[in-house]
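> Below: one structure in structure tokens.
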Amino acid sequence: MTPPYLLLDNVGYSLPDGRILFSDLNVSLDSTRTGLVGRNGVGKSMLARIMAGELPPSHGRCHRLGSVSYLPQHIPIDNSTTVASLLGIDDALTALQHIEAGSTDSLHFDVLADRWDVRQQLQQALENTGLSHLHANTPAQQLSGGECMRLALAGALMSNVDLLILDEPTNHLDSLSRSALQRQLQQWPNGLLLISHDRTLLNTVDHIIELTPSRIQSYGGNYQFYSEQKAIAHAAATQALEHLQHTQKQEHKRLQMLQERQSKRQAQGAKQGKEANQAKILLDRQKERSESSAGRIHQQQAARLQQLGQHVQQAQQHLTQESITAIHAVHGAPPTQQRVVILEEIELPHWLACCMPMSHLNCCC
């Protein structure tokens, strides 16, 4: 077993409004290629930021025992972002320029470290991404969203960190770029955590972990293995719920029958007492005993039904947890396009504006 690069120790996170996003998470990540899945909104990206040290947990501790790098699904871009900064080598290129100009400042040598071939790395990265026509100083705002992501991914793979966390890396990539990324990731030698809804990509990992609000569940295989195990668990949870619901229904019928039977007995007892000319005090005592007995039976049955209701609710929650996280295939035929809305004069944020620099946008689906 390889030593872990990262450990989560009872980690939890609460939103600013006090709602608990997840709690008591315990997991270790090593060099095993791992996929992280979970329902939308469960907090996968938040957890990734905690792992990378960008966000402190609300409670618990995250132990980073090696270098960790996190690439978000939305690459932040502003006026100063260039190809070199997307690749993460802008500081090294600047330091090399200063050294070549005659600087002896130790800071420049510390920044450059052993990356004397950084220009060659730049050219190799541009060729690998099919963007060899670009230059280090090309503004990122001139690029499409897919091109920005390809460069950012190339930079992440150049980092050679112990644990690389990629958040939805194929979102902005076409089929050729996705295939190229898969080949690159197959050659990645260190720890890898993939947060993705891309079934094809998740089938290349060796381990799946599923995030829920209360736990992280591990599955020792790729997405196909995960889905098979979840299907088995879902079938068992469904059967258990159906059994409890059937028992609950039978208990309702039983309670109703007992109540009807008790009502008949009370009516018959009252009638017989009157016909036998029994004294009122005797009739009242019989009525009290009957009502007391009926009350005990009713309380017992009500407690039983309440307990069954709690079990049904727990079984329903468990069934929801055992549902397979929706994962899509990204290589299917595109849907028939139909124009449903036209957006005019839309101002887009920087990261999206670089993808669609236009003032008139037609959205079709």
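The values are calculated or read from the model by the stated rules, or taken from the named source; none is laboratory data. Quantities reported herein were computed from a predicted structural model and do not represent experimental measurements. Cβ: placed from backbone, ideal geometry, glycine included. Neighbour counts: every protein chain shown.
> In region 16-68, which residues are in a loop (DSSP other than H, G, I, E, B) and over 25 Å from residue 169 (Cα atoms)?
16, 17, 18, 19, 58
> Looking at the structure I just gave you, is residue 19 surrounded by fewer than 19 Cβ atoms within 10 Å (Cβ to Cβ) and at pLDDT 95 or above? Spell out how you get there, then give the answer.
Details: surrounded by fewer than 19 Cβ atoms within 10 Å (Cβ to Cβ): yes; at pLDDT 95 or above: no.
The answer is no for residue 19.
> If I filter region 80-115 down to residues being within 23 Å of residue 156 (Cβ to Cβ) and loosely packed, with under 13 Cβ neighbours inside 10 Å, which single residue comes out as nearest to the chain's Cα centre (by Cα)? Don't jump to the end; show me each part of the working.
Of region 80-115, the ones within 23 Å of residue 156 (Cβ to Cβ) are 80-96, 110-115.
Then drop every residue that is not loosely packed, with under 13 Cβ neighbours inside 10 Å, which leaves 80, 110, 113-114.
Values: 80: 32, 110: 38, 113: 37, 114: 37 Å.
If we take residues in region 80-115 being within 23 Å of residue 156 (Cβ to Cβ) and loosely packed, with under 13 Cβ neighbours inside 10 Å, then 80 is nearest to the chain's Cα centre (by Cα).
> Also, quick follow-up: Out of 174, 198, report the one residue that is out of contact with any Ser or Thr (no Cβ under 9 Å at 6 or more places or on another chain), of a type in the set (Asp, Glu), assigned by TED's automatic domain parsing to the domain that holds residue 43 and closer than 28 Å to residue 41 by Cβ. Before you say what the answer is, go through the steps one by one.
Details: 198 fails: out of contact with any Ser or Thr (no Cβ under 9 Å at 6 or more places or on another chain).
Exactly one of 174, 198 is out of contact with any Ser or Thr (no Cβ under 9 Å at 6 or more places or on another chain), of a type in the set (Asp, Glu), assigned by TED's automatic domain parsing to the domain that holds residue 43 and closer than 28 Å to residue 41 by Cβ, namely 174.
> Could you tell me which residue of region 116-147 is farthest from the chain's Cα centre (by Cα), considering only residues that are modelled with pLDDT under 90 and outside any helix (DSSP H, G or I)?
Per the stated criteria, the residue is 130.
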